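Here's the structure, in structure tokens; my notes come after.
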Amino acid sequence: MATMTMAKALNAALADAMLDDERVVVFGEDVGQLGGVFRITDGLQARFGDKRCFDTPLAEAGIVGFAVGLAMSGLRPVVEMQFDAFAYPAFEQIASHVAKLRNRTRGALSVPMVIRVPYAGGIGGVEHHCDSSEAYYAHTPGLKVVTPATVADAYSLLREAIDDPDPVVFMEPKKLYFGSGEAELPARTEPFGRAVVRRSGRDATLIAYGPAVPVALEAAEAACEEGWDLEVVDIRTIVPFDDVTITESVRRTGRCVVVQEAQGFAGVGAEIAARVQERCFHALHAPVLRVSGLDIPYPAPMLEHTHLPSVDRVLDAVARLQWDDQPDPRWLTEGSAA
Amino acid sequence: MTSTPQAVRRATPRKRRPATPAAPDPSAGLLPEAESVRLLNPDGSPLPARADYPEPPVEALREMYRRMVVGRRFDAQATALTKQGRLAVYPSSRGQEACQVGGVLALRDDDWVFPTYRESMALTARGIDPVEVLTLLRGDWHCGYDPTVVRTAPQCTPLATQCVHAAGLAYGESYQGRDTVAMVYIGDGATSEGDFHEGVNFAAVFKAPVVYFVQNNRYAISVPLSRQTAAPSLAYKGVGYGVPSEQVDGNDPVAVLAVLNRAVAHARAGKGPFLVEAHTYRMEPHTNADDQTRYRDADEVAAWRDRDPIARLESYLRARDVLDDAAVAEIAAQAEEYAAGLRERMNIQPTVDPLSLFDHVYAQPTPQLVEQREQVRAELAATQEGDA
Ligand SMILES: Cc1ncc(C[n+]2csc(CCOP(=O)(O)OP(=O)(O)O)c2C)c(N)n1
Ligand SMILES: [Mg+2]
């Protein structure tokens, strides 16, 4: 086992994929000589040449559309969107072509590619640099949407994404880039479509993904002091989604809080909460609660900590899980309270 | 005696500084000619031959004529099929036959075409089964043909998005040592979309062998060209990207093919993309569902009837003695046969399978899709039982 950052693991995954498969080409803005603004493509151009790793004109629709054509010609494009919000110009290409070409052509033409998106906040970034955009992609059939929370997953999921026959939007939590973890490369973790129990517990299940996973884990540790033994499930691959693991966990614990960094309304957490409720209704002792970012545009750096789901907010939600069999007073109408 | 002061002469001979050569015009070879390239007059009589745009061989022109006649008949048949409820909608390209056919005739079979919804005629001229071409509009699936077999992308409706795909495909092909050319069909209105500019720019920067072929039919549904651009013509959009460009009379089949041949040769030779603007006119409404009286006069449409591309080529070929009454009749008969075959096949109600909705969303269906498929299967079974 070696200790390394998530950034390093992602870089190693790209390099190993390029080594193993000469169809893999990596391109985007500043990914060549500079190695990307987060250095995820560091050294790839020097090592593999400027045909395999190259800078493009500054145009995100162009980058993704170009990748569509390259994939049609038989190459395996891996493109970098510089920041979450700067992928929006490419949305038409992603939603109308990347996601649909296989379906539109009854499987005759597929465009396997990886669209890497550094996303979410917690890094003191100014506006347009901290969006949680995963719901837009997860809501688009035809895309796989993956987001690692551990160093080993970063490597393994990226390798799997590059090998996958379908297009993958690979969401990289920026605030985890430079945190270290243990991994032995080439790491192979659970495949796409499998959620993982990061911490076992008996009393309630916290379900999280991407940047919210460390928050959930920290909350679970803190909860011990209050006498709660919490389980933490890391979703890892939003699409394809693993109903089995979360259902099994919540049926066992009987309580569930979904934690996501993104704004909550109509988000991935809402989907997860609905699915848990559908599958675990008879095992639930309390409504499924959500802890998410606020329903506001991502705030300015000095205010982001009010927005971000914190350990305390998670613990507050856990406290509201009707431990004493009393309904949460905030959901009682005057009539029913009487 | 007073001496008039005289300027002292230099003892050494005066050297002349060589005149600074005029800086080469960086736009030379990129700008289109001020007037459209034209090789035939509207009445079909020839204009002087041009060395830069050699006239295509006469067999190619005869074949072009044949495909234009068949194409127009196909187009009329497709419009008729909308009236019979066999097609949901049909965007006609009547009047644009020289462009529709020229664009595919300039290519090899292993080149790639990136068409729009307007190009049904072009695709049938490329030899794709007309029923497969019309699948999208009949409504039994989106794309009816296998793009990898006929080297033709699905007809593209999100305007201009195909411009970048072509750049990527063409670059990817040359990257892998193949000399494939990509031909992008695009309308005048769509040149205002960002993806047109990104596509042309990417192709230029990566020297991708793409021909961007703008059919300027003067309207984007109801919106006239003057609302799309203030440029002298759309062919002037190439110079800003370093892309050589030309404008051509899009109703002059000989000139269209000559210019496209040169554009394709340029791309295939590894010199990067080429932009061609063809000035043409759509004689029919935007689609059968459009009401063109709201935005253009009947007089304007009538005036374009005198510039009919098929009549123009026919009179030229007749004058050159390579087409006679018998050949014209024979080609007309072929066109009728083609239309009759299409009509007959389109009269058969296609079978659709609701369970196929779950195929091809992903290479392997997700567990959720498997579940939904099972639900639909049960619904279908219950419906069948109810019917029985
Ligand atoms: C991105 C996008 N916006 C709007 C439309 C709706 N639309 C379909 S065709 C059309 C007009 C296009 O005009 P032009 O590019 O000149 O092509 P033509 O139809 O004349 O061949 C419009 C606005 C669309 N298909 N895609
Ligand atoms: Mg138009």
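Taken together, the values in this text are just the output of simple stated rules run on the coordinates, not laboratory data. Since the structure is predicted, the reported quantities are computational estimates derived from the model, not experimental observations. Every residue, glycine among them, receives a Cβ derived from its backbone with ideal geometry; neighbour counts consider all protein chains shown.
With a ≥ b ≥ c the root eigenvalues of the C-alpha gyration tensor of the protein assembly as shown, is it rounded (a/c under 1.5), prolate (a/b larger than b/c) or oblate? Before the final figure, lay out each step's value.
Numbers: a/c = 2.55, a/b = 1.50, b/c = 1.70.
Oblate.
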query: Please state the relative contact order of the stretch A:2-183 as a whole percent: Cα pairs under 8 Å, 6+ residues apart?
result: 27 percent
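Using only Cα atoms, what is the ratio of the radius of gyration of chain B to 2.2 N^0.38 Å? Present the calculation step by step, with values, prior to reporting the outcome.
Working: Rg = 26.7 Å, N = 388, 2.2 N^0.38 = 21.2 Å.
Expressed relative to 2.2 N^0.38 Å, the Cα Rg reads 1.26.
Using unit Cβ charges (K, R positive; D, E negative) and no other charged atoms, how large, in debye to the nearest 20, is the dipole of the protein assembly as shown about its Cα centre?
Numbers: 72 positive and 98 negative charges, 582 e Å.
Computed about the Cα centre, the dipole is about 2800 debye.
Sorted by mean Cβ packing within 10 Å, highest first, what order do the peptides A:74-82, A:198-206 take?
Values: A:74-82: 23.8, A:198-206: 20.2.
Ranked by mean Cβ neighbours within 10 Å, highest first: A:74-82, A:198-206.
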statement: When all Cα-Cα pair distances of the stretch A:6-101 are considered, the percent exceeding 23 Å is 21 percent
message: Output wanted: per-residue J couplings in Hz (rounded whole) for the stretch A:212-220, from phi through Karplus 6.51 cos²θ - 1.76 cosθ + 1.60, θ = phi - 60°, x for Gly and Pro.
response: 7, 5, x, 5, 5, 5, 5, 4, 5
field: Highest-fluctuation residue, B:E193, B:E59, B:E284 considered, GNM on chain B with Cα pairs under 10 Å
entry: B:E59
- line: Taking A:I296, A:I272, A:I123, B:I221 and counting other beta carbon atoms within 10 angstrom, the fewest-first order is A:I296, B:I221, A:I123, A:I272
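Please say if the stretch A:173-246 is rounded, prolate or oblate, where rounded means a/c under 1.5 for a ≥ b ≥ c the square roots of the C-alpha gyration tensor eigenvalues, and otherwise the choice is prolate for a/b larger than b/c and oblate otherwise?
oblate
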query: What average number of partner chain Cβ atoms lie no more than 10 Å from the Cβ of the residues making up B:153-166?
result: 5
task: Starting from the Cα gyration tensor of the stretch A:196-327, multiply each eigenvalue by 5, take the square root, and state the resulting semi-axes largest first in whole Å.
output: 22, 17, 14
- prompt: Three principal axis extents, largest first, for the C-alpha atoms of chain A, in Å?
  reply: 70, 44, 37
task: Just the number, please: percent antiparallel of the DSSP beta bridges in the protein assembly as shown, rounded to the nearest 5.
output: 20 percent
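I need A:I238, B:I186 ordered by Cβ neighbour count within 10 Å, fewest first. Before the final figure, lay out each step's value.
On the way: A:I238 25, B:I186 31.
In order of increasing Cβ crowding within 10 Å: A:I238, B:I186.
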Between the stretch A:1-68 and the stretch B:174-194, the Cα center-to-center distance that results, in Å: 25 Å
- line: Whole-Å distance linking the alpha carbon centroid of the stretch B:129-150 with that of the stretch A:193-249 is 46 Å
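Can you give the local net charge around A:L289? Use residues other than it whose beta-carbon is closer than 12 angstrom to its beta-carbon, Lys and Arg +1, Asp and Glu -1. Provide the component values of the computation, followed by the final result.
On the way: positive: A:R255, A:R290, A:R313, A:R320, A:R330; negative: A:D316, A:D328.
Net local charge, A:L289 excluded: +3.
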task: In a Gaussian network model over chain B where Cα atoms closer than 10 Å are linked, find which of B:A19, B:A220, B:A153 has the largest mean-square fluctuation.
output: B:A19
- request: Mind checking B:188-199 for the average number of partner chain beta-carbons within 10 Å of each residue's beta-carbon?
  value: 3
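In percent, what relative contact order does the stretch B:166-325 have, based on Cα pairs under 8 Å that are 6 or more apart in sequence?
Numbers: 250 pairs, mean separation 37.8, N = 160.
So the answer I get is 24 percent.
Please arrange A:F241, B:F196, A:F265 by counting, for each residue, the other beta carbons lying within 10 Å of its beta carbon, fewest first. Walk me through the numbers before you get to the answer.
Numbers: A:F241 21, B:F196 25, A:F265 12.
In increasing order of surrounding Cβ atoms, one gets A:F265, A:F241, B:F196.
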message: Could you work out [θ]222 nm for chain A from helices alone, using -39500 (n - 2.57) per DSSP H run of at least four and dividing by all its residues? Round to the nearest 500 deg cm²/dmol.
response: -9500 deg cm²/dmol
task: Go through the stretch A:39-97 and name the trypsin sites (Lys or Arg not before Pro) that are in a DSSP coil and have 14 or fewer other Cβ atoms within 10 Å of their Cβ.
output: A:K51
field: Derived scalar couplings ³J(HN,Hα) [the stretch B:337-350; Karplus, 6.51 cos²θ - 1.76 cosθ + 1.60; whole Hz; x for Gly, Pro]
entry: 4, 4, 5, 5, x, 5, 4, 4, 5, 6, 6, 7, 5, x
